[in-house]
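Q: Handing you this structure, nothing more for now.
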C-alpha cells in the first residue's frame with residue numbers, strides 16, 4: 001500500500017473541486033445550503049490532501 005497517499009491526495013483534490021462547483025452553483029442560485037456544503041467539501045478535501053502528504057512523507061522515510 002505504498003501508493004495509499006496518492007489516493008488520499010487525489011480524493012482531496014476531487015472534494016475541493018466538488019466544493020468549488022457547489023460554491024459557484026450556490027452563488028448563482030442564491031442557495032445558502034449548497035454554499036455551506038461547499039465549505040465542508042473544501043475543508044474535507046484540504047484535510048485529505050494533507051493526510052496524503054503525511055502518508056507520503058512517512059512512506060518515504062521507511063524506504
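Q: Of everything in the range 1-20, what is crowded, with 16+ Cβ neighbours inside 10 Å and farther than 21 Å from residue 59 by Cβ? Give them in sequence order. Steps first, answer last, please.
A: Looking only at the range 1-20, we keep the residues that are crowded, with 16+ Cβ neighbours inside 10 Å, and these are 5, 8-9, 11-12, 15-16, 18-19.
15, 16, 18, 19 - these are the residues of the range 1-20 that are crowded, with 16+ Cβ neighbours inside 10 Å and farther than 21 Å from residue 59 by Cβ.
Q: If you don't mind, there's one more thing I want to ask. Kindly establish whether residue 47 is in a helix (DSSP H, G or I), at negative phi and under 10 Å from the mean Cα position of the chain (by Cα).
A: Yes: the conditions hold for residue 47.
Q: Let me ask another. Need pairs with beta-carbon distance below 6 Å; first residue in contact (Cβ under 8 Å) with a residue 12 or more places away in the chain and within the range 2-26, second surrounded by fewer than 13 Cβ atoms within 10 Å (Cβ to Cβ); sequence gap 6+ or separate chains.
A: Going by the 6 Å Cβ cut-off, there are no qualifying pairs.
Every read-out reported here was derived from the displayed coordinates using simple, explicitly stated rules and does not represent laboratory data. It should be emphasised that the depicted structure is a prediction, and the values quoted were computed from it without experimental measurement. Glycine gets a Cβ as well: all are built from the backbone with ideal geometry, and neighbour counts include every protein chain shown.
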